[in-house]
Amino acid sequence: MTIEAIPDKYHITLTGERLRNARENMGLTQQHIAERLCLRVSIIRDIEDNTVSSSLASTFLRGYIRSYARLVEIPEEELITLMEQQTPVNDAKIENMKSYSLGQKKTKRDKLLILVTWLILIFIMTLTIIWWWKNYTTTQDHLISIKNSHTVFTGENYS
C-alpha cells in the first residue's frame, strides 16, 4: 500500500500523525508503545508530534519510526517517502581520532617517569631480599640455639 492508495480521509502528510492514528485505531497507548519498543514515552510523544530533538541522530529516529510502524502494522514503504520528505538524512561530521597507540614518540618526561618507576621497583625488591635474608638468618640462629640448649640439658650430641 502506497501513499497514493490511502483513501483521502486517511491521507496524512506527517509521519507522526500517521503513526498516532494507527496506534489509536489499534487501541494502544503511548505508554504501551514505549514499553514494547523499549523507549521513553517522551520519544514516542515527540515522534507523534513531529517535534523530535535535533540532538537525536537521524539514523536512530528512522529506526524508531520503522520499529513503531511495524508494531502498529503500517508498511514501511508507506512511511519511507514521508520520512524522506519530512526529515532528510544529515551526514554526521567525521573527525579524525587522536591516536593513543604505542607508536607515539616518548618525551623526556616519559623517560624520566619510566626511570623513576624502575628505581622504585628495584628499591622494593632490594628491601624484600634484605627482609627475607634477615628472617632466614634469624631463624637459623634460633634453630642453632635450640639445638645447643637441647645438647646441654640432655648431654646428647646430634653432630
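The values are calculated or read from the model by the stated rules, or taken from the named source; none is laboratory data. Computed from a prediction, not measured in an experiment: that's the story for all the values here. These accessible areas exclude ligands, DNA and RNA; they are computed on the full protein's heavy atoms, side chains included. Shrake-Rupley method; radii C 1.70, N 1.55, O 1.52, S 1.80 Å.
Coupling constants for the stretch 112-119 follow from the phi torsions by the Karplus curve (6.51 cos²θ - 1.76 cosθ + 1.60, θ = phi - 60°), and in residue order they are 5, 4, 5, 4, 4, 4, 5, 5 Hz; glycine and proline get x. Note that the stretch 8-85 presents 59 Å² accessible area per residue, ligands and nucleic acids not counted, probe 1.4 Å.
What the Kirkwood sum gives for the stretch 8-85 is a hydrodynamic radius of 12.5 Å, with every pair of different alpha carbons counted.
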